[in-house]
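Everything on this sheet refers to the single structure shown next.
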Amino acid sequence: MEDLQDFLKGKKYKKIKFKVLKTQHLMIKAKINAFSGNFILDTGASNSCVGIEGIEKFQLFAEYSETKAAGAGATGMETQISKNNNLQLSRWKSSKLSLIVFDMSHVNEALKSYKTKPVDGIIGADILLKGKAIIDYYNHYLYLK
């Protein structure tokens, strides 16, 4: 019987490894504008985001946005938006990506309390929908087309 990996490869899906952190968050490596970072894979986040420190790290052009961010334990945070970015997850690529930029210190404080390294941002449902995502939790792979 054909396994999931072979089946999805035949359907032109790219396989991307993720780690499960002690906090049960899924951590994935990504490149934004050719600069590498660590991101939480979050099916519940509507948009992909980067922390404010990422403006320099990923060479983002960010402008203030009218939208207020709300996330786990925090609401009404000021946001910026950065348009036309390139994203690469393993061999899967996307261009013209818009990213929400906001203060992610509350996320990283929570991770730090579990002695887990900070992350640069969040890969959200916008990417998962665009890439017709399939998540293999058991084998720790994200598949994107």
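Results, tabulated for the structure shown:
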{"read-out": "Count of the stretch 1-34 residues which are open to solvent by 90 Å² or more (accessible area, probe 1.4 Å), part of a loop (DSSP other than H, G, I, E, B) and either among the charged types (D, E, K, R) or in contact with a Leu (Cβ under 6 Å, 6 or more places away or on another chain) (or both)", "value": "4"}
{"read-out": "Matching residues, the stretch 47-62, being surrounded by fewer than 16 Cβ atoms within 10 Å (Cβ to Cβ) and closer than 20 Å to Trp92 by Cβ", "value": "none"}
{"read-out": "Subset of the stretch 122-145 that is outside any strand (DSSP E or B) and among the charged types (D, E, K, R) - its residue that is most open to solvent (accessible area, probe 1.4 Å)", "value": "Lys132"}
{"read-out": "Sole residue being in a loop (DSSP other than H, G, I, E, B), in contact (Cβ under 8 Å) with a residue 40 or more places away in the chain and surrounded by 13 or more Cβ atoms within 10 Å (Cβ to Cβ), chosen from Val101, Val107, Val119", "value": "Val119"}
{"read-out": "Residues of the stretch 63-87 classified as open to solvent by less than 60 Å² (accessible area, probe 1.4 Å), modelled with pLDDT of 75 or more and of a type outside the set (Ser, Thr, Tyr), total", "value": "4"}
{"read-out": "Sole exception among (1) surrounded by 19 or more Cβ atoms within 10 Å (Cβ to Cβ); (2) modelled with pLDDT of 95 or more; (3) in contact with a helix residue (DSSP H, G or I) (Cβ under 9 Å, 6 or more places away or on another chain); (4) closer than 22 Å to Tyr143 by Cβ for Gly37, by number", "value": "(1)"}
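The values are calculated or read from the model by the stated rules, or taken from the named source; none is laboratory data. Only a predicted model underlies this, so the values are computations on that prediction, with no experimental measurement involved. No Cβ is skipped: glycine too gets one built from the backbone with ideal geometry, and neighbour counts run over all protein chains shown. These accessible areas exclude ligands, DNA and RNA; they are computed on the full protein's heavy atoms, side chains included. Shrake-Rupley method; radii C 1.70, N 1.55, O 1.52, S 1.80 Å.
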